[in-house]
């Protein structure tokens, strides 16, 4: 059995504090996956469709999973999720909703739209870092629907 190649993780998050915490958690856990960050829904769609500033070859490697916040400017995470699931080339891309939203309708809508998981961001860096590490470990074990290389 050969080791799986690390895959790119795309994080769509507009909160600078959460971005910094995620980067710290990534470093602390020595995660091999490359973390790419976009800060709004439109930028996420540009990355996924390799357009605009991501049009140049190699600028937007296909992610193995997407960590998606719900409350983002320009295009919210639920609209991004809906667009991902509607596109034939992206519809199987694993998407984890990682949000502060405690609204039941956000959780239900996320699953209705095809989210693979819905996780509320834990309070405190240690808890947040453990959640990030656990997400990565789980998805490293899962057989992804396609090769990301």
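Only the coordinates and a few stated rules stand behind these numbers; no lab work does. What you see is a predicted model; the values in this text were computed from it and never measured. Note: ideal-geometry Cβ built from the backbone for every residue, glycine included; neighbour counts use all protein chains shown.
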Extended-chain gain in nm, criterion 0.36 nm per residue less alpha-carbon gap, residue 15 and residue 102: 29.6 nm
Starting with the fewest neighbours, write out 104, 13, 42 ranked by other beta-carbon atoms found within 10 Å of each beta-carbon. 104, 42, 13
Taking neighbour counts of Cβ atoms within 10 Å as a proxy for exposure, in what order, fewest first, do 11, 75 appear? 75, 11
Distance in nm between pseudo-label sites at residue 130 and residue 86 (7 Å out along the Cβ direction from Cα): 4.0 nm
Rotationally averaged projected area of segment 1-112 (alpha carbon convex hull; nm²): 8.4 nm²
Normalised by the residues of segment 39-80, what does the relative contact order come to in percent, with Cα pairs under 8 Å and at least six apart? 51 percent
Selected from 57, 110, 89 as most flexible by GNM, with the chain as the system and alpha-carbon contacts under 10 Å: 57
Below 8 Å between Cα atoms, with a sequence gap of 6+, how large is the relative contact order for segment 8-139 in percent? 27 percent
Using a/c under 1.5 as the rounded threshold, could you call segment 1-60 rounded, prolate or oblate? The axes a ≥ b ≥ c are square roots of the C-alpha gyration tensor eigenvalues, and prolate needs a/b larger than b/c, oblate otherwise. oblate
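Mind sorting 51, 85 by how few other Cβ atoms lie within 10 Å of their own Cβ, fewest first?
So the ranking, lowest neighbour count to highest, is 51, 85.
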